[in-house]
Amino acid sequence: MSAAAPAPAAGFPYKLVATDLDGTLLGEDHTVSARTREALTAATAAGAAHIIVTGRAVPWTRGILDDLGYDGLAVCGQGAQVYHAGEHRLLTSVTLDRQVAVVALSKIEAEVGPLALAASRDGLDGDVLIGPGYQVQDGPLPSLRLDDRAEMWTQPINKVYIQHPELSDDALAKVARETAGGMVAVVMAGPGVVEILPLGLSKATGLSLAARRLGVTAADTIAFGDMPNDIPMFGWARHGVAMANAHEALKAVADEVTASNDDDGIAVVLEKLLQQS
């Protein structure tokens with residue numbers, strides 16, 4: 001990907017297409033359909049850059065991007081990392097203050113009882129650390145199990161994942177914001193995935209940094225997503241498109257709701273825009 005995005009073809013309204021990964025660009029089989037690939041290729045041919053914006057940290061994203069043949073910029077770790085996929089290079093990285101994280105977690109646990117924790121270490125090859133009791137979703141993503149969660153704080157981290165044995169994801173995220181929201185950011189990024197992040201960090205902050213490198217702005221951007229962690233990105237972009245499978249909180253702030261990820265929702269919107277240009 002070049003340092004600046006080319007001007008779009010006459011009539012094509014966006015210079016940047018920002019897509020979430022899980023539940024949005026990827027289908028339930030964790031692949032990108034031929035139709036969606038073709039629509040994105042056509043959009044880039046019309047002059048619009050494509051940036052993947054994901055909650056996954058780089059080590060959990062890199063293999064997918066390589067399999068896709070994606071060589072542009074990716075915003076990873078809920079905005080903490082801007083990664084150049086073609087060069088396999090980390091351009092920016094924001095870490096979570098570990099002392100702040102420990103205090104924030106103690107406040108949350110004082111309210112709801114013990115939490116199960118995991119954490120994402122910083123860097124291109126940072127391990128995802130799984131503490132006692134934390135339930136990892138099925139799949140091939142690599143992780144390192146710990147017997148003592150105190151080991152999570154020995155090296156720089158980007159974020160902490162929290163789980164509660166009884167509370168729903170939405171309820172846990174709500175309590176975490178109410179008790180520790182002045183110290184850290186809290187997002188619900190998917191089923192079973194509630195995350196503690198550096199205060200002020202979001203997909204919007206990471207996307208704005210990546211867009212600046214391409215010479216494009218929020219007013220040039222259409223964004224696609226499916227979860228509440230995409231809300232800041234929708235607030236930043238000119239046009240936010242929620243998938244049919246999206247969380248209701250995201251649909252409530254979306255400019256448009258398209259088909260599901262399995263029904264090529266991104267392609268449905270891009271094809272319409274391309275036909276109009």
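The values are calculated or read from the model by the stated rules, or taken from the named source; none is laboratory data. Predicted model, so just to flag it, every value in this text is computed and none were measured. Positions of Cβ are generated from backbone atoms using ideal geometry, with glycine treated the same way; all protein chains shown enter the neighbour counts. Surface accessibility is based on the protein's heavy atoms, side chains included, excluding ligands, DNA and RNA. Shrake-Rupley method; radii C 1.70, N 1.55, O 1.52, S 1.80 Å.
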Quiz item: For segment 1-103, list the strands (runs of 3 or more DSSP E) that sit wholly inside it and hold at least 3 residues that are over 30 Å from T179 (Cβ atoms); which are they?
Solution: 16-19, 49-53, 81-84, 89-93
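Buried (at least 19 other Cβ atoms within 10 Å of the Cβ) and out of contact with any Pro (no Cβ under 6 Å at 6 or more places or on another chain): is that true of A39 in this structure? Write out each step before concluding.
Details: buried (at least 19 other Cβ atoms within 10 Å of the Cβ): yes; out of contact with any Pro (no Cβ under 6 Å at 6 or more places or on another chain): yes.
Against the criterion (buried (at least 19 other Cβ atoms within 10 Å of the Cβ) and out of contact with any Pro (no Cβ under 6 Å at 6 or more places or on another chain)), A39 qualifies.
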Quiz item: From D226, D263, D230, which residue is among the acidic types (D, E), open to solvent by 60 Å² or more (accessible area, probe 1.4 Å) and over 23 Å from L129 (Cα atoms)?
Solution: D263
Self-check item: Members of segment 140-178 that are open to solvent by less than 70 Å² (accessible area, probe 1.4 Å) and within 14 Å of P191 (Cα to Cα)
Solution: Y161, I162, Q163, H164, L167, S168, D169, A171, L172, A173
Quiz item: Is it true that T54 is of a type in the set (S, T, Y) and closer than 26 Å to L270 by Cβ?
Solution: yes
